[in-house]
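Notes for the one structure printed next.
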Amino acid sequence: SGPVLDEIRSKLTYMAPGVQYTAPYKLWRKTKGKLGWDGLVSAVDNKGKFLTGLVPEVHNMIARPGVAIELQDNRTAPPVTLGNSTVNLRPYQVDTIQKSIRNTWMGMWWPRGILQLATGAGKTEIAVAMYQMMGLTSMFIVHRTNLMHQAEERFARFGIKAGIIGNNIFDIQPDGINIATIATLNSIVKSKD
């Protein structure tokens with residue numbers, strides 16, 4: 001609690017998409033805030049916790065003279081060994097994976113990023129191997145629907161049921177890996193869905 005947490009919570013609070021059509025919000029407007037729901041949601045919970053992906057954003061919000069920032073990373077990195085993967089990887093693919101999973105931000109383990117590799121470099125196999133090694137909820141984004149279905153088949157070849165978001169399909173794996181087309185993600189963002 002305190003003014004910094006209040007600032008973070010305020011900046012990470014937004015109107016729930018489509019809330020204007022809900023009965024609680026209409027009641028709130030009708031009763032001038034006495035009943036119902038104002039439609040606001042926050043990415044910060046009551047204990048001041050938020051998703052780790054927002055750490056850089058929060059850091060940038062509050063970084064200024066007079067504000068001491070101490071980052072405490074209480075996460076436990078999952079064990080990551082190439083032996084956990086059933087994919088026969090080429091040396092440059094192993095190098096790509098090792099660089100990705102060793103990524104850090106301000107001294108914290110930060111296994112995030114965008115991998116840009118040439119056509120035919122085996123991006124899907126790298127993704128399969130990384131998913132097998134880490135088991136983290138993931139998104140694999142492609143630019144065409146035929147690539148989405150190819151990726152789904154390749155994941156299935158290694159025993160992984162991938163969710164699909166694209167080509168009029170919205171079948172997600174909440175705790176697994178999901179394959180999406182950039183066009184569908186763009187439509188979702190534009191429609192605020």
Query raised in the report: Before we move on, is Gly83 free of Cβ contacts under 8 Å to residues at least 60 places away in the same chain, open to solvent by less than 90 Å² (accessible area, probe 1.4 Å), under 30 Å from Ala121 (Cα atoms) and among the small types (Gly, Ala, Ser)?
Result: yes
Query raised in the report: What pairs come up if the first residue lies in the range 57-69 and is more than 9 Å from Ile8 (Cα to Cα), the second is assigned to a helix (DSSP H, G or I), and their beta carbons are under 7 Å apart, counting only those six or more places apart or on different chains?
Result: Val67/Val4; Ile69/His59; Ile69/Ile62
Query - Condition check for Leu89: over 27 Å from Leu51 (Cα atoms), outside any helix (DSSP H, G or I), open to solvent by less than 40 Å² (accessible area, probe 1.4 Å) and free of Cβ contacts under 8 Å to residues at least 60 places away in the same chain - result: yes
Query raised in the report: Do you know which of the residues in the range 92-108 that are aliphatic (A, V, I, L, M) and open to solvent by less than 40 Å² (accessible area, probe 1.4 Å) is nearest to Leu51 (Cα to Cα)?
Result: Met108
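Restricting the range 11-37 to residues that are in contact with a strand residue (DSSP E or B) (Cβ under 8 Å, 6 or more places away or on another chain) and without any contact (Cβ under 8 Å) to a residue 40 or more places away in the chain, which is most open to solvent (accessible area, probe 1.4 Å)? Before the answer, list the steps.
Here is the first cut: in the range 11-37, the ones in contact with a strand residue (DSSP E or B) (Cβ under 8 Å, 6 or more places away or on another chain) are 12-16.
With the extra rule that they be without any contact (Cβ under 8 Å) to a residue 40 or more places away in the chain, the set shrinks to 13-16.
Details: Thr13: 49, Tyr14: 115, Met15: 88, Ala16: 17 Å².
Of everything passing the filter in the range 11-37, Tyr14 is most open to solvent (accessible area, probe 1.4 Å).
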Query raised in the report: If you check Asn103 against the conditions, is it touching a Pro at 6+ places or on another chain (Cβ under 7 Å) and of a type outside the set (Gly, Ala, Ser)?
Result: yes
Query raised in the report: Do the conditions hold for Val142, that is, is it under 19 Å from Arg90 (Cβ atoms) and of a type outside the set (Ser, Thr, Tyr)?
Result: no
Report task. List the number of the failed condition for Gly48; all other conditions in (1) without any contact (Cβ under 8 Å) to a residue 40 or more places away in the chain; (2) open to solvent by less than 50 Å² (accessible area, probe 1.4 Å); (3) part of a loop (DSSP other than H, G, I, E, B) hold. Result -> (1)
Query - Test for Arg112: is it closer than 30 Å to Val58 by Cα, of a type in the set (Lys, Arg) and surrounded by fewer than 17 Cβ atoms within 10 Å (Cβ to Cβ) - result: yes
Query raised in the report: Across the range 55-83, which residue is farthest from Leu5 (Cα to Cα) among those that are modelled with pLDDT of 75 or more and among the charged types (D, E, K, R)?
Result: Asp73
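The values are calculated or read from the model by the stated rules, or taken from the named source; none is laboratory data. Keep in mind the model is a prediction, meaning the values are calculated, not measured. Don't worry about glycine lacking a Cβ; one is built from the backbone with ideal geometry, like all the others, and counts go over all protein chains shown. Calculation scope for accessible area: heavy atoms of the full protein, side chains included, ligands and nucleic acids excluded. Shrake-Rupley method; radii C 1.70, N 1.55, O 1.52, S 1.80 Å.
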